[in-house]
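Structure record follows, encoded as structure tokens.
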Amino acid sequence: MKSLRPQDIVVVLKLIGAGKRRPTYAQLASDLLMSPSEVYASIQRARAAKLLLGPELGDKPNLQAVEEFLLHGIRYVFPVEKGAMTRGLPTAHAAEPLKRKLTQEDPLPVWPYANGPARGYAFSPLYKRAPEAALKDERLYELLALVDAIREGTARERDLAKRALSSRLRA
């Protein structure tokens with residue numbers, strides 16, 4: 001069995017955001033700025049990890065397994081790499097929906113992105129093209145930011161992110 005990769009989580013989150021209407025591999029690839037073969041491989045690994053229910057059930061996300069993994073495992077499996085100050089797209093507690101609930105302290109965590117609106121410390125995204133994909137899909141952006149707050153946040157930020165993520169997964 002192949003190991004789960006960070007971009008697999010991005011694909012699963014995109015499928016969660018898609019709702020009942022599952023996008024094609026080509027549409028997922030276009031939306032996430034991946035190749036169709038990368039998307040296919042991600043779906044295969046997510047199935048093997050039991051994060052997707054399988055082809056017989058339309059590769060629907062296994063929401064209970066996804067929630068358990070994101071709330072309790074992601075910060076250990078895909079830890080954050082922090083870097084130098086850079087321009088980028090705010091994430092974790094610096095992005096919605098947590099941004100309005102917490103006071104912001106400089107520097108902010110940002111995914112490195114040349115056209116980003118903010119300066120802050122580099123915060124490694126789960127997938128290198130995540131900033132561009134997030135700008136095309138507000139729901140995906142929120143889910144990724146919440147996951148990032150769980151990956152590397154204070155206890156309060158993680159708690160708020162876990163509650164917000166759980167409510168979105170159950171909606």
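What the table below lists for this structure:
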| quantity | calculated |
| --- | --- |
| Restricting the range 127-139 to residues that are crowded, with 17+ Cβ neighbours inside 10 Å and in contact with an Asp or Glu (Cβ under 8 Å, 6 or more places away or on another chain), the residue that is farthest from Val11 (Cα to Cα) | Asp137 |
| Hits in the range 81-103 - residues which are over 17 Å from the mean Cα position of the chain (by Cα), surrounded by fewer than 14 Cβ atoms within 10 Å (Cβ to Cβ) and not hydroxyl-bearing (Ser, Thr, Tyr) | Gly83, Ala84, Met85, Arg100, Lys101 |
| Top-ranked residue of the range 1-30 - restricted to ones that are touching a helix residue (DSSP H, G or I) at 6+ places or on another chain (Cβ under 9 Å) and of a type in the set (D, E, K, R), ranked as surrounded by the fewest Cβ atoms within 10 Å (Cβ to Cβ) | Lys2 |
| Matching residues in the range 31-80 - criterion: being surrounded by fewer than 18 Cβ atoms within 10 Å (Cβ to Cβ), out of contact with any helix residue (DSSP H, G or I) (no Cβ under 8 Å at 6 or more places or on another chain), assigned to a loop (DSSP other than H, G, I, E, B) and modelled with pLDDT of 95 or more | Gly73 |
| Unique residue being farther than 19 Å from Ala161 by Cβ and either among the β-branched types (Val, Ile, Thr) or more than 15 Å from the chain's Cα centre (by Cα) (or both) when the list is Ser30, Ser42 | Ser30 |
| Test for Leu143: is it under 17 Å from Ile9 (Cβ atoms) and surrounded by 17 or more Cβ atoms within 10 Å (Cβ to Cβ) | yes |
| Tyr127 vs. criteria in contact with a Leu (Cβ under 8 Å, 6 or more places away or on another chain), part of a loop (DSSP other than H, G, I, E, B), more than 18 Å from Pro61 (Cα to Cα) and not polar (S, T, N, Q) | yes |
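The values are calculated or read from the model by the stated rules, or taken from the named source; none is laboratory data. None of these values were measured; they are calculated from a predicted model. In this analysis, Cβ positions are derived from the backbone assuming ideal geometry, glycine residues included, and neighbour counts consider all displayed protein chains.
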